[in-house]
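The values are calculated or read from the model by the stated rules, or taken from the named source; none is laboratory data. Note that this is a predicted model, so its numbers are computed, not measured. Please note: Cβ atoms are built from the backbone with ideal geometry, for glycine as well, and neighbour counts cover all protein chains shown.
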Amino acid sequence: MTKRFMVSMIVLVASVAVMAGSVQAKTMKISHVRPQGTAIDKDLRWFSDTLKEASGGKMKTKIYPASALGDYTIVQERVGLGAVDMACQPPSSAADKKFQLVYFPYMVKDWVQAKKNYSAGAPLRKVVEDLYAKQDIHLLAVWPVYFGGIAFNTEVKEYGNPNASKGVKLRVPPMKTFQLLADTTGYLGTPIPFSDAFTAVQTGVVDGVIGSGAEGYYSSFRDVTKYYLPSNTHFEAWYLIISKKQFDKLSAEEQKQLQNVATQFEDRRWDVAEADQAANEKRLADYGAEILTISDEEIAATAQKIQSVVWPQILDDVGKEWGQTVLNGIVE
């Protein structure tokens, strides 16, 4: 073996080692739906920094805010395929209509009950985890967002009465749950993609938006929101997910580090989520929106009507037996 050959072999081995290290240190992409500087963006940057530190620099991530990698429905599909590594976003029912159950209106009534049902180990949490698993997606954590409400660009009469016809068009996400929620409570639900929703309100195609909460309306609709109704329409939670292909590539130790940081990410949010909802309602008010008053009795009457009229229709859509089993598992 010549000296030149030995040197060549050493260089080759060193190059392979460097390449292996660079593969291991791949920077994972994380998508989310809000602009830079919002609460979720800040929390994900904390997550990214903490994960890098906990893994000794082996696990690095890059945040892509404001749906830069695509609409959340597309991103969910891409996470399942391994084309996007991670995301923190709402679940999409486009790939599996059973995800509609996660958006059941008036399924939980307050923050205490929400935490009982969406925290690790809860039956509802396991349902979501299993639905994601069928799409080759691994669930890492829940990021509780808010209880939803309705944003209006016009004055609405009898907004607290679920039996009154309002004559008001509302943009609803293209999802049967929100369409029925709007229609059953006296509004005219109009399915419009999120990307077109602001313009639809601005140009008068619709008179408001349902399907989000104060945080979402302040972030994306504050310039066209004159009134906000905190009617607790649904509990919004986003999910920190990772491609199962990417997760399986990690060593057992790296998986443990990732899950540990994800759990901290979730726990930190539960500590501040309720206060953050109140803060965003105040931001809307400070920006000029009137926060409408609705009583507990009016919310309860709305919930009762939704549960009796809307729930059976959604159960038929997702599978009555399966859906009822999920609802029976809701912790009071």
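Structure values in brief
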{"quantity": "Some residue of the range 296-303 being closer than 20 Å to Tyr106 by Cβ and touching a Cys at 6+ places or on another chain (Cβ under 8 Å)", "calculated": "no"}
{"quantity": "Residue list for the range 43-95, restricted to those being in a helix (DSSP H, G or I), of a type in the set (A, V, I, L, M, F, W, C) and surrounded by fewer than 19 Cβ atoms within 10 Å (Cβ to Cβ)", "calculated": "Trp46, Ala54, Ile74, Leu81"}
{"quantity": "Residues of the range 159-186 that turn out to be touching a residue at least 24 places away in the same chain (Cβ under 8 Å) and either part of a helix (DSSP H, G or I) or not small (Gly, Ala, Ser) (or both), as a count", "calculated": "19"}
{"quantity": "Helices (runs of 4 or more DSSP H) contained entirely in the range 225-330, each with at least 2 residues that are of a type in the set (S, T, N, Q) and surrounded by 15 or more Cβ atoms within 10 Å (Cβ to Cβ)", "calculated": "252-287, 296-318"}
{"quantity": "Any hit, the range 132-139, residues being surrounded by fewer than 20 Cβ atoms within 10 Å (Cβ to Cβ), modelled with pLDDT of 95 or more and assigned to a helix (DSSP H, G or I)", "calculated": "yes"}
{"quantity": "Candidates Asp296, Asp317, Asp286, filtered to the one that is within 24 Å of the chain's Cα centre (by Cα) and either modelled with pLDDT under 95 or not hydrophobic (A, V, I, L, M, F, W, C) (or both)", "calculated": "Asp317"}
{"quantity": "Options Lys126, Lys116: the member that is of a type in the set (Lys, Arg) and over 16 Å from Phe235 (Cβ atoms)", "calculated": "Lys126"}
{"quantity": "Unique match (being in the same structural domain as Thr199 (by TED's automatic domain parsing), under 22 Å from Glu215 (Cα atoms) and either of a type in the set (A, V, I, L, M) or not in a helix (DSSP H, G or I) (or both)) among Val156, Val102, Val108, Val112", "calculated": "Val156"}
{"quantity": "Filtered residues of the range 119-154 (kept if under 14 Å from the mean Cα position of the chain (by Cα) and within 29 Å of Thr302 (Cβ to Cβ))", "calculated": "Arg125, Val128, Val142, Trp143, Pro144, Val145, Tyr146, Phe147, Gly148"}
{"quantity": "Residue within the range 175-183 that is crowded, with 21+ Cβ neighbours inside 10 Å, more than 25 Å from Lys282 (Cβ to Cβ) and more than 24 Å from the chain's Cα centre (by Cα) present", "calculated": "no"}
{"quantity": "Selection count where residues are hydroxyl-bearing (Ser, Thr, Tyr) and over 25 Å from Ser219 (Cβ atoms), scope the range 155-196", "calculated": "2"}
{"quantity": "Count of residues meeting criterion [of a type outside the set (Val, Ile, Thr) and within 24 Å of Tyr217 (Cβ to Cβ)] in the range 287-322", "calculated": "12"}
